[in-house]
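Okay, so here's the structure we're looking at.
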Amino acid sequence: MRRLLAGIATGALLLTATACGSSDDPSDKSSSSGGVTTVKVGVIPIVDVAPLYLGQEKGIFGKHGLKLEMTPAQGGAAIVPGVVSNQFQFGFSNMASLMIAQSNGVPVRAVVNGVATTGEKGKDFGGLVVKGDSGITSAKDLEGKKVAVNTLKNINDTTVRESVREAGGDPSKVKFVEIAFDQMPAALDSGEIDGAMAVEPALTTAKSQGAVEVASSYVDVSDRLTVAMYFTSAQYAQQNPEVVEKFEAATKEALAYADGHPDEVREILTSYTKIPADLLPQLTLPKWPAEVDRGSIETLRDLGEKDGLYTKTPDLDALLP
């Protein structure tokens, strides 16, 4: 495990050196025109990042002098190297992936909150689902079974393990496989996997195909869990503090707007996900608080240590704003 995580960190740092080339200034990858700075943001095509798309459409980011160019990726673990190499100036990542990176010396810096659980079991935007006729009725029944997460060693396998523990099972017996969120419903329906930790809109899509939820894994960890944040590299933050401040302020405003306009959130999803329009009313939306819940992140950190995710304890003071 330690060798694997060290390899991830080394790969990210090598990517930094390769992508930055001879330039020492990461700001050369963003551009300014007419008082507006264009920044590239690595995102995942899920409901979590709807505030960015909505904020862009409503002119919130433009008001703060920013234009966003969003690039989709499969998960936070894939976005981290892109941010560190300045392929992206900002990225969206789950907290487990950020803590893994930070514990390995990868220079990431969280900027602003991303998304949080609703805190209601059975009514969250992420859930552990199984095929309806599988006979699986609890997370404990997933011992020896194949469960999909979008990327390995991130918040989703960590929280699923906690659900299995809470149900009285042995999480070390669960077989995790990596499948993109939008491919999970088909994989579950075909029997390729036994379970999936899906988030919206994949969660509603899976349920529309007969899947049933056996655990609300984010809520099992904390009913106030900060699931993900937007982040940048330490170098970019140091050299472009004004841009980082603008991104933080604009994103907080966009989070508040999304929280207050659920119908507009559902509509904007059709612009960057594959969710069928007839399923939009059934989606469970997350919470988008402006501030992180540090206590919940500490709980997640402790679970990661229990599962052996870190080479050393993550420094939350260095990672969090």
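Observations on the model:
- In region 94-135, the residues that are closer than 16 Å to Trp288 by Cβ and not in a loop (DSSP other than H, G, I, E, B): Asn94, Met95, Ala110, Val111, Val112, Asn113, Gly114, Val115, Ala116, Gly126
- Criterion: surrounded by fewer than 24 Cβ atoms within 10 Å (Cβ to Cβ), closer than 13 Å to Gly127 by Cα and within 17 Å of the chain's Cα centre (by Cα) - qualifying residue of Val214, Val219, Val160: Val219
- Exclusive hit being free of Cβ contacts under 8 Å to residues at least 40 places away in the same chain and either open to solvent by less than 10 Å² (accessible area, probe 1.4 Å) or in contact with a helix residue (DSSP H, G or I) (Cβ under 7 Å, 6 or more places away or on another chain) (or both), set Pro185, Pro201, Pro241: Pro185
- Criterion violated by Leu4 - all others in (1) within 22 Å of the chain's Cα centre (by Cα); (2) at pLDDT 95 or above satisfied: (2)
- Per-region count, region 21-48, residues outside any strand (DSSP E or B), among the charged types (D, E, K, R) and at pLDDT 95 or above: 1
- Condition met for Ala290 (more than 20 Å from Val199 (Cα to Cα), under 18 Å from the mean Cα position of the chain (by Cα), surrounded by 19 or more Cβ atoms within 10 Å (Cβ to Cβ) and touching a residue at least 24 places away in the same chain (Cβ under 8 Å)): no
- Annotation: of all residues in region 163-182 being open to solvent by 10 Å² or more (accessible area, probe 1.4 Å) and assigned to a helix (DSSP H, G or I), the one that is farthest from Leu309 (Cα to Cα) is Asp182.
- Elements of type helices (runs of 4 or more DSSP H) in region 193-252, at least 2 residues being within 18 Å of Val149 (Cα to Cα) and out of contact with any Leu (no Cβ under 8 Å at 6 or more places or on another chain): 202-208
- Qualifying residue in region 218-233 (condition: in the same structural domain as Val36 (by TED's automatic domain parsing) and without any contact (Cβ under 8 Å) to a residue 24 or more places away in the chain): no
The values are calculated or read from the model by the stated rules, or taken from the named source; none is laboratory data. Please read all numbers here as calculations on a predicted model, not as lab measurements. Glycine also receives a Cβ, built like all others from the backbone with ideal geometry; neighbour counts cover every protein chain displayed. Side chains included, ligands, DNA and RNA excluded: accessible areas come from the protein's heavy atoms. Shrake-Rupley method; radii C 1.70, N 1.55, O 1.52, S 1.80 Å.
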